[in-house]
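Here the structure comes first, spelled out in C-alpha coordinates, and everything after it is commentary.
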Amino acid sequence: MKETSTRLVLHFPKETWDKPVIYKLVKDYDLIVNILRAEILPRMEGSAVIELRGDRKKLGDAIRFLRSLKIKVKPLELDIFREDEKCVHCGACIAPCPTNAFYLDKKTFRVEFDKDKCVGCGHCIPACPLRIIYSAEF
Ligand code: SF4
Ligand code: SF4
(Lines give C-alpha, C1' and ligand atoms only; values in the text may rest on other atoms or scores of the structure.)
(Ligands and ions follow the chains in the order given, each with its own letter.)
Protein backbone atom coordinates (compact mmCIF):
# COMPACT_ATOMS: atom_id res chain seq x y z
CA MET A 1 0.00 0.00 0.00
CA LYS A 2 1.33 3.42 -1.01
CA GLU A 3 0.01 6.04 1.37
CA THR A 4 -0.54 9.59 0.24
CA SER A 5 -2.53 12.66 1.22
CA THR A 6 -4.13 15.58 -0.57
CA ARG A 7 -6.14 18.68 0.22
CA LEU A 8 -9.20 19.28 -1.92
CA VAL A 9 -11.88 21.90 -2.41
CA LEU A 10 -15.30 20.35 -3.01
CA HIS A 11 -18.38 22.04 -4.41
CA PHE A 12 -21.59 20.13 -3.88
CA PRO A 13 -24.64 20.48 -6.13
CA LYS A 14 -28.01 20.89 -4.40
CA GLU A 15 -28.86 17.23 -4.97
CA THR A 16 -26.05 15.99 -2.73
CA TRP A 17 -26.70 18.03 0.41
CA ASP A 18 -28.18 15.01 2.27
CA LYS A 19 -25.91 12.28 0.86
CA PRO A 20 -23.52 10.58 3.31
CA VAL A 21 -20.49 11.44 1.20
CA ILE A 22 -17.89 11.66 3.96
CA TYR A 23 -19.12 8.40 5.51
CA LYS A 24 -18.64 6.69 2.12
CA LEU A 25 -15.09 8.04 1.81
CA VAL A 26 -14.24 6.52 5.17
CA LYS A 27 -16.15 3.25 4.89
CA ASP A 28 -15.84 2.34 1.20
CA TYR A 29 -12.41 3.83 0.46
CA ASP A 30 -10.75 3.42 3.85
CA LEU A 31 -9.59 7.04 3.92
CA ILE A 32 -8.85 9.34 6.83
CA VAL A 33 -10.92 12.48 6.24
CA ASN A 34 -10.06 15.76 7.91
CA ILE A 35 -12.72 18.42 7.29
CA LEU A 36 -10.94 21.78 7.31
CA ARG A 37 -14.00 23.85 6.46
CA ALA A 38 -17.55 23.10 5.36
CA GLU A 39 -20.70 25.00 4.47
CA ILE A 40 -23.57 22.59 3.87
CA LEU A 41 -27.16 23.82 4.14
CA PRO A 42 -30.41 21.95 3.38
CA ARG A 43 -31.34 21.88 -0.31
CA MET A 44 -28.58 24.32 -1.28
CA GLU A 45 -25.24 24.12 -3.03
CA GLY A 46 -22.42 23.64 -0.55
CA SER A 47 -18.67 23.65 -0.32
CA ALA A 48 -16.00 22.04 1.78
CA VAL A 49 -12.26 21.88 2.10
CA ILE A 50 -11.04 18.47 3.13
CA GLU A 51 -7.80 16.61 3.60
CA LEU A 52 -7.77 12.96 2.51
CA ARG A 53 -5.15 10.46 3.58
CA GLY A 54 -4.86 6.83 2.59
CA ASP A 55 -3.92 4.39 -0.12
CA ARG A 56 -3.07 6.18 -3.37
CA LYS A 57 -5.29 3.98 -5.54
CA LYS A 58 -8.24 4.19 -3.16
CA LEU A 59 -7.84 7.94 -3.01
CA GLY A 60 -8.07 8.09 -6.79
CA ASP A 61 -11.14 5.86 -6.72
CA ALA A 62 -12.69 8.11 -4.06
CA ILE A 63 -12.19 11.21 -6.21
CA ARG A 64 -13.86 9.41 -9.12
CA PHE A 65 -16.73 8.53 -6.79
CA LEU A 66 -17.12 12.19 -5.79
CA ARG A 67 -17.14 13.27 -9.42
CA SER A 68 -19.73 10.58 -10.26
CA LEU A 69 -22.05 12.48 -7.88
CA LYS A 70 -21.34 15.69 -9.87
CA ILE A 71 -19.34 17.08 -6.96
CA LYS A 72 -16.65 19.40 -8.31
CA VAL A 73 -13.23 18.45 -6.97
CA LYS A 74 -10.26 20.79 -7.21
CA PRO A 75 -6.85 20.54 -5.60
CA LEU A 76 -6.01 23.12 -3.00
CA GLU A 77 -3.03 24.85 -4.46
CA LEU A 78 -3.13 28.51 -5.47
CA ASP A 79 -1.27 31.25 -3.62
CA ILE A 80 -3.65 34.22 -3.88
CA PHE A 81 -2.77 37.94 -3.90
CA ARG A 82 -4.87 41.06 -4.28
CA GLU A 83 -3.72 44.49 -5.41
CA ASP A 84 -5.27 46.18 -2.39
CA GLU A 85 -4.78 49.76 -3.58
CA LYS A 86 -6.84 49.10 -6.74
CA CYS A 87 -9.80 47.46 -4.95
CA VAL A 88 -13.12 49.34 -5.27
CA HIS A 89 -14.76 47.16 -2.56
CA CYS A 90 -17.59 46.04 -4.81
CA GLY A 91 -17.93 42.74 -2.93
CA ALA A 92 -18.04 40.47 -5.98
CA CYS A 93 -15.30 38.26 -4.52
CA ILE A 94 -17.16 37.56 -1.26
CA ALA A 95 -19.86 35.10 -2.40
CA PRO A 96 -17.59 32.71 -4.35
CA CYS A 97 -15.15 32.42 -1.44
CA PRO A 98 -15.88 29.22 0.53
CA THR A 99 -13.80 30.24 3.55
CA ASN A 100 -14.75 33.90 4.06
CA ALA A 101 -11.19 34.94 3.29
CA PHE A 102 -12.79 37.86 1.44
CA TYR A 103 -15.23 39.55 3.78
CA LEU A 104 -16.97 42.86 4.36
CA ASP A 105 -15.69 44.85 7.30
CA LYS A 106 -19.00 46.17 8.65
CA LYS A 107 -17.34 49.15 10.32
CA THR A 108 -15.48 50.47 7.28
CA PHE A 109 -17.60 48.89 4.50
CA ARG A 110 -14.39 47.79 2.88
CA VAL A 111 -13.79 44.32 1.51
CA GLU A 112 -10.82 42.83 3.33
CA PHE A 113 -8.71 39.82 2.46
CA ASP A 114 -7.59 37.48 5.25
CA LYS A 115 -4.85 35.47 3.61
CA ASP A 116 -4.67 33.05 6.55
CA LYS A 117 -8.18 31.83 5.74
CA CYS A 118 -7.51 31.39 2.04
CA VAL A 119 -7.36 27.79 0.87
CA GLY A 120 -6.30 28.59 -2.69
CA CYS A 121 -9.34 27.31 -4.54
CA GLY A 122 -9.15 30.16 -7.06
CA HIS A 123 -12.89 30.90 -7.21
CA CYS A 124 -12.35 34.58 -6.48
CA ILE A 125 -10.04 35.18 -9.45
CA PRO A 126 -12.68 35.29 -12.23
CA ALA A 127 -15.19 36.94 -9.88
CA CYS A 128 -13.28 40.23 -9.61
CA PRO A 129 -14.40 42.68 -12.34
CA LEU A 130 -11.11 44.55 -12.09
CA ARG A 131 -8.99 41.41 -12.34
CA ILE A 132 -6.87 42.47 -9.38
CA ILE A 133 -6.96 39.07 -7.68
CA TYR A 134 -4.35 36.70 -8.97
CA SER A 135 -2.10 33.86 -7.98
CA ALA A 136 1.60 33.30 -8.44
CA GLU A 137 0.71 30.45 -10.77
CA PHE A 138 -1.02 32.75 -13.33
S1 SF4 B 1 -8.71 31.43 -3.46
FE2 SF4 B 1 -10.14 33.14 -3.32
S3 SF4 B 1 -12.15 32.15 -3.16
FE4 SF4 B 1 -10.64 30.57 -2.69
S5 SF4 B 1 -10.40 30.63 -0.47
FE6 SF4 B 1 -8.83 32.00 -1.30
S7 SF4 B 1 -9.77 34.00 -1.27
FE8 SF4 B 1 -11.44 32.53 -1.07
S1 SF4 C 1 -14.16 41.77 -6.54
FE2 SF4 C 1 -12.19 42.84 -6.85
S3 SF4 C 1 -12.69 45.02 -6.74
FE4 SF4 C 1 -14.44 43.91 -5.91
S5 SF4 C 1 -14.06 43.84 -3.68
FE6 SF4 C 1 -13.21 41.96 -4.53
S7 SF4 C 1 -11.05 42.46 -4.94
FE8 SF4 C 1 -12.12 44.40 -4.67
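The values are calculated or read from the model by the stated rules, or taken from the named source; none is laboratory data. For clarity, every value in this text was computed on a predicted model and none was experimentally measured. Backbone-built Cβ (ideal geometry, glycine too); neighbour counts: all protein chains shown. Note: areas computed on protein heavy atoms with side chains; ligands, DNA, RNA excluded. Shrake-Rupley method; radii C 1.70, N 1.55, O 1.52, S 1.80 Å.
Estimated from helical segments only, the mean residue ellipticity of the chain at 222 nm is -4500 deg cm²/dmol, where each DSSP H run of four or more residues counts as -39500 (n - 2.57). With contacts taken as Cα pairs under 8 Å and at least 6 residues apart, the chain reaches a relative contact order of 24 percent.
The residues of the chain expose, per residue, 63 Å² of accessible area to a 1.4 Å probe.
Using only alpha carbon pairs under 8 Å that are at least six residues apart, calculate the relative contact order of region 75-138 and give it in whole percent.
Relative contact order of region 75-138: 46 percent.
Each of Ala95 and Ile132 was given a label point 7 Å from its Cα along the Cα-to-Cβ line. The distance between the two points is 2.1 nm.
In region 80-135, the portion of solvent-accessible area held by carbon and sulfur atoms comes to 55 percent [1.4 Å probe, whole percent, DNA, RNA and ligands not counted]. Here is the list for region 83-138: GluC sites (Glu not before Pro) lying in DSSP coil, each with at most 15 other C-beta atoms within 10 angstrom of its C-beta, are Glu83, Glu137. Counting 0.36 nm for each residue step from Arg43 to Ser5 and taking away their Cα separation leaves a gain of 10.7 nm.
Which peptide among 59-68, 116-125 comes first, and what is the full order, when sorted by highest mean count of other Cβ atoms within 10 Å?
Highest to lowest by the protection proxy: 116-125, 59-68.
What percentage of the solvent-accessible surface of region 3-75, computed with a 1.4 Å probe over protein heavy atoms, is contributed by carbon and sulfur atoms? Here it works out to 52 percent.
For chymotrypsin sites (Phe, Trp or Tyr not before Pro), the sites in region 80-133 that DSSP calls loop and that have at most 16 other Cβ atoms within 10 Å are Phe109. The C-alpha atoms of the chain define a longest principal axis, and helix 56-68 lies at about 70 degrees to it. For region 1-15, the residues whose backbone nitrogen is under 19 Å from a point 7 Å from the Cα of Arg56, taken along Cα to Cβ, are 1-8.
For the chain, the pair-distance distribution built from all alpha carbon pairs, in bins 10 Å wide starting at 0, is 12, 38, 30, 16, 4, 0 percent.
Residues Leu78, Leu52, Leu41 ordered from highest to lowest accessible area at a 1.4 Å probe: Leu41, Leu78, Leu52.
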